[in-house]
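Peer 1: Structure incoming, see below.
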Amino acid sequence: QNVARVIEVPKSVKTYTRGDLIFSGNFSQHVEYFSVNVSEPEDETNWVIKLPGSIDPQEAALFGMASVAMHDVRRADVKLGERVLVIGAGGIGLFTAQIAKVAGAHVTICDLNEKRLALAEQLGIQKTLQIEGEDAWERLGGFGPFDAVIKDSGADILDDVLGTGFGHKQLLTM
C-alpha cells in the first residue's frame, strides 16, 4: 500500500488530477514511484482512493496497516463480549487490539517489548503481558481462555507454543 501525489493523468481520466493525494491498496513494494490503472474508477479491483486535502500524508500511510488489522478482526468474526488475544504489539498488532476492543471484545495483547505494551495500555487495551521468561506462556494461559487468537507478531512461534490442542475458535496469522 502506498500514499502518493498524482504526477500524471491521461486526458481520458476525469476522477484524478495532478497533485491529488491518493492511497493505493495495490501492493507496489516500497517504491518512490508507482503506476496504477485508474481508467475505470468504479472497478472493484481499483484500490485507489482520492484523499481529502486535509489528511496528512504521513498519517494516511497508516491506512494500509489499519486495513490489515481490520481484515484480521473481521476474519476472526469478533463479537461483543468475546476474549481476544493479540500476539504482537507492533503497529498492526496495536491497530488489531484497538479494532477488536471497539468490536466489543475483551482484549489481551502480548509482546516482548515493554514500551509497546505501555503504549497498548495508553490506548486502553484491557490486559497486557510481556512475554519473557520460561513461564511466560503459562502466565498467558491464565488470561484465557480466548475465543480468538490473532498473531500479528511476524514471529513463527505458535506451533511450538500452542500445539494442536489449544481449543480456540479461530487462529489468524499474518
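Peer 1: Where the second residue is among the basic types (K, R) and assigned to a strand (DSSP E or B) and the first is farther than 8 Å from L85 by Cβ and lies in the range 130-151, which pairs have Cβ atoms under 9 Å and are six or more apart or on separate chains?
Peer 2: Close Cβ pairs satisfying both conditions: P145/R83; D147/R83.
Peer 1: Which numbered condition in (1) modelled with pLDDT under 85; (2) touching a helix residue (DSSP H, G or I) at 6+ places or on another chain (Cβ under 9 Å) is the only one that D72 fails?
Peer 2: (1)
Peer 1: Step by step: first the residues of the range 143-157, then only those that are at pLDDT below 85 and within 22 Å of M65 (Cα to Cα), then the one that is least open to solvent (accessible area, probe 1.4 Å). Which residue is that?
Peer 2: D152
Peer 1: Given the criteria of a type in the set (D, E, K, R), open to solvent by less than 70 Å² (accessible area, probe 1.4 Å) and under 24 Å from G25 (Cβ atoms), does D77 qualify? Steps first, please.
Peer 2: Values: of a type in the set (D, E, K, R): yes; open to solvent by less than 70 Å² (accessible area, probe 1.4 Å): no; under 24 Å from G25 (Cβ atoms): yes.
So D77 fails the test.
Peer 1: For the range 128-142, name all the residues that are open to solvent by 20 Å² or more (accessible area, probe 1.4 Å) and either touching a Phe, Trp or Tyr at 6+ places or on another chain (Cβ under 6 Å) or in a helix (DSSP H, G or I) (or both).
Peer 2: Residues satisfying the conditions are W137, E138, R139, G141.
Peer 1: Also, quick follow-up: Within the range 86-114, how many residues are buried (at least 23 other Cβ atoms within 10 Å of the Cβ) and small (G, A, S)?
Peer 2: The total comes to 6.
Peer 1: Quick check, is W47 modelled with pLDDT under 90, touching a Ser or Thr at 6+ places or on another chain (Cβ under 7 Å) and open to solvent by 50 Å² or more (accessible area, probe 1.4 Å)?
Peer 2: Working: modelled with pLDDT under 90: yes; touching a Ser or Thr at 6+ places or on another chain (Cβ under 7 Å): yes; open to solvent by 50 Å² or more (accessible area, probe 1.4 Å): yes.
Yes, satisfied.
The values are calculated or read from the model by the stated rules, or taken from the named source; none is laboratory data. Only a predicted model underlies this, so the values are computations on that prediction, with no experimental measurement involved. As a convention, Cβ positions derive from the backbone with ideal geometry for all residues, glycine included, and neighbour counts pool all protein chains shown. For accessibility, only protein heavy atoms count, side chains too; no ligands or nucleic acids. Shrake-Rupley method; radii C 1.70, N 1.55, O 1.52, S 1.80 Å.
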